[in-house]
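Encoded as structure tokens, the structure appears first; notes follow it.
Just so you know, all these numbers are worked out from the coordinates, no wet-lab data involved. Just so we're clear, the structure is a prediction, and the values are computed from it rather than from any experiment. Note that each Cβ is placed from the backbone with ideal geometry, even for glycine, and that neighbours are counted across all protein chains shown.
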Amino acid sequence: MTTYFINDENIKNCPHIDFRIGNGNVKGVIDTGSEISLITEDLYAQLLSQRIEMLELKLQSTVLVTAFGTRSRRIKKQVYIPFFIGDDCFEHVFLFSDQLIESLLIGADFLQEYGVVVNFKTSCLMYEIERNLKECKFTSKVEAGMEPK
């Protein structure tokens, strides 16, 4: 069985950023405490209804575990999704989670794969595309007006 650790505490203070998938924007969270990236079944269904090309892959014996040891139900599917941060295109695998509070969660797997640095001092994601250093501002859920202070 594969086990991935995820952050279930203080998600409102994690960086929140707009992602463009297809023709729409999705507000997601950057969670350095999560080993993997996640998507909700609802968001996936919305993307399918927009006819966005995605590759769905089956999983076997995968569970999520919080820092406090709480286990999720088994994760049975994952999907490969193209998306944009600003004008920059990325492709990544997201596991499905029906227990996810946010629609989309970018975990440490994405940050490591693309060499993304989360700079909390400047509230920016920093990454390199074709030898150009890029920055993209992020906010907390409270700052974005998605949750009361």
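Here are some notes:
- Spin-label pair residue 87-residue 99: with each label point 7 Å from Cα along the Cα-Cβ axis, the two points sit 4.2 nm from one another.
- Share antiparallel - DSSP beta bridges, segment 13-132, percent rounded to 5: 85 percent
- Projected label distance in nm at residue 50 and residue 27, using a 7 Å step from Cα toward the beta-carbon: 1.6 nm
- For segment 20-26, putting each phi into the Karplus relation 6.51 cos²θ - 1.76 cosθ + 1.60 with θ = phi - 60° gives couplings of 10, 10, x, 9, x, 9, 10 Hz, in residue order, rounded to whole numbers and with x for Gly and Pro.
- Two-site label geometry, residue 57 and residue 119: point separation in nm, points 7 Å out along Cα→Cβ: 3.2 nm
- Sorted peptide list for 87-95, 102-110, criterion being average Cβ within 10 angstrom, highest first: 102-110, 87-95
- For residue 86, the residues whose amide H sits under 5 Å from its own are 20, ignoring neighbours fewer than 5 places away on the same chain, with H placed 1.01 Å from N.
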